[in-house]
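For reference, the structure discussed in these notes is given below.
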Amino acid sequence: MAYLIVQNARDYAVFTLEPDGRIAAWSPGAQTIFGYSPDEAIGMSFAELFMAPDIEAGTPEAEMAKAYRDGRAEDTRWHVRQNGQRFWANGVTMTLGDRPQLIKFLRDETAAKLAEDQRILLLNELNHRIKNTLATVQSIVDHTLRAADVSASTRNVLTERLIALAQAHNVLVAESWAGADLGAIVERALAPHDTSGLGRFRIEGPRVFLSPQQAVSLSLVLHELTTNAIKYGALSTVDGQVSISWNLAHDVAGARTMTLLWRETGGPPVAPPDGREGFGLRLIARSFGQDGDGLTRIEHRPEGLVCTVNVPLAEGESAQILNLVEGA
C-alpha cells in the first residue's frame, strides 16, 4: 500500500538517501518536480538538488545530520531542477526506523511563493501611495490653513492627527492589512511620548488582532487621549502616569469583545469640561459608537481622566483573537 501511495503521489517528490548522501530510490513525483529520471537520479549526490550557495554552506550535509540526530529535518527553500530552473519547495527528511537510510518528502510550492511575493509587492506599493497621499493632504491642509490665517497651534494639531493616521497604516502594512495587533498599535501611539525613561506608561493586556477600521480608529483615540493628557492631564506633571490595559470576553453565543481602559493618575485635579467639549474629546467619544456595538465612555474623575473603549471583535481573518497572553 505504501508503495502504491508513493508511486501515485505525483505532487510530491519522494526519495531515499544512503548515509553518504547518494540517492537510493526515486519516485515518479520526484521525476516530475526535479526533471531527473530514476536512472539519472539514483546514485546522484543529494547535494545536486540544492542551489550553489546552499551547497557551499554545507546545507545538504547539515540537513542529513539533523535528520539522523533528531529523527527529522524540515526546511523551506529554493531548489534547482535538472534544467537549471529554480523552484520553491517545502521538504522534510526523516529516518526510516532502524534502517540506515533517510527518506525525503518534498512539495513544489513555487506558485504560492510567487503569489505571496506579488502580494507583498502590491502591499508595499499601496503603503507607499498612501504615505504619499497623506503627505499631499498634509501639505494642502497646511497651505490652506495658512492662507486662511489659521493659528500655528491649530495647524500643528491637525498635522499630528494626520501623522497618527499614517502610523496606524504602518502597523497595518506590517500585518499585510489583515488587521493589526493591539499591543503594536498602543506602543506605536505612545512611543513618541515615552522617551524620558521615567516609565510614564503602564501597558498590559493579551494579544488581540483588530480589523483595519478598528486599528485606525483606536490609533486616533490614543493620539487624542495622549494629547489631552499632555496638555491638561497626567502627562502635564512630572509624577503623572497613564495605565493602558485591556481584556477579552465572550458571551454564551460566542460573540467576542475587547475592553480597553485608559486611566490617568498623579496629574492635576480633573473637572468636567465647561460647556461644549473640544473636537478631540468628541472624536474619542464617537470613534466606536458607529462600529457595531462599540462604545467609548469618558469620565472626568477628580483623580484623573478615565476612558473605557468596548469593541466587538468580528469572527474571521480581519479581526482574529490570538489567545495567547503577551509574552507567552
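Subtracting the Cα-Cα distance of Phe87 and Asp142 from 0.36 nm times their residue separation leaves 14.7 nm of extension gain.
Find the accessible area per residue for segment 74-143; the probe is 1.4 Å, ligands and nucleic acids are left out, and the unit is Å².
Numbers: 4340 Å² over 70 residues.
On a per-residue basis, segment 74-143 sits at 62 Å².
In order along segment 296-307, phi translates into HN-Hα couplings of 10, 10, 10, 10, 8, 7, x, 7, x, 5, 10, 10 Hz, rounded to whole numbers, per the Karplus curve 6.51 cos²θ - 1.76 cosθ + 1.60 with θ = phi - 60° and x for Gly and Pro. Modelled this way, with points 7 Å down the Cα-to-C-beta line, the labels at Asp149 and Met94 are 8.0 nm from one another. Per residue, the convex hull spanned by the Cα atoms of segment 13-61 measures out at 67 cubic angstrom. Shown in residue order for segment 47-54 are the 3J(HN,Hα) couplings computed by the Karplus curve 6.51 cos²θ - 1.76 cosθ + 1.60 at θ = phi - 60°: 4, 5, 8, 9, 6, 4, x, 5 Hz (x for Gly and Pro). Here the 3J(HN,Hα) profile of segment 231-241, calculated from phi with Karplus coefficients 6.51, -1.76 and 1.60 at θ = phi - 60°, is 7, 10, x, 4, 7, 8, 10, 5, 8, x, 9 Hz, Gly and Pro shown as x.
For segment 34-150, compute Rg over Rh where Rg is the Cα radius of gyration and Rh is the Kirkwood radius from the inverse mean 1/r over Cα pairs. Display every interim value, and only then the final one.
Details: Rg = 24.9 Å, Rh = 18.2 Å.
Rg divided by Rh gives 1.37.
Placing dummy labels 7 Å off each Cα toward the beta-carbon, the span from Thr133 to Glu18 is 6.2 nm. Under 21 Å from the Cα of Lys66, which lysines turn up, not counting those fewer than eight places away in the same chain? Qualifying lysines at Cα under 21 Å: Lys104. Using C-alpha pairs below 8 Å separated by at least 6 residues, the relative contact order for segment 39-143 is 16 percent.
The values are calculated or read from the model by the stated rules, or taken from the named source; none is laboratory data. Just so we're clear, the structure is a prediction, and the values are computed from it rather than from any experiment. Using ideal geometry, Cβ is built from the backbone for each residue, glycine included, and neighbour counts are taken over all protein chains shown. With ligands, DNA and RNA removed, areas are computed over all heavy atoms of the protein, side chains included. Shrake-Rupley method; radii C 1.70, N 1.55, O 1.52, S 1.80 Å.
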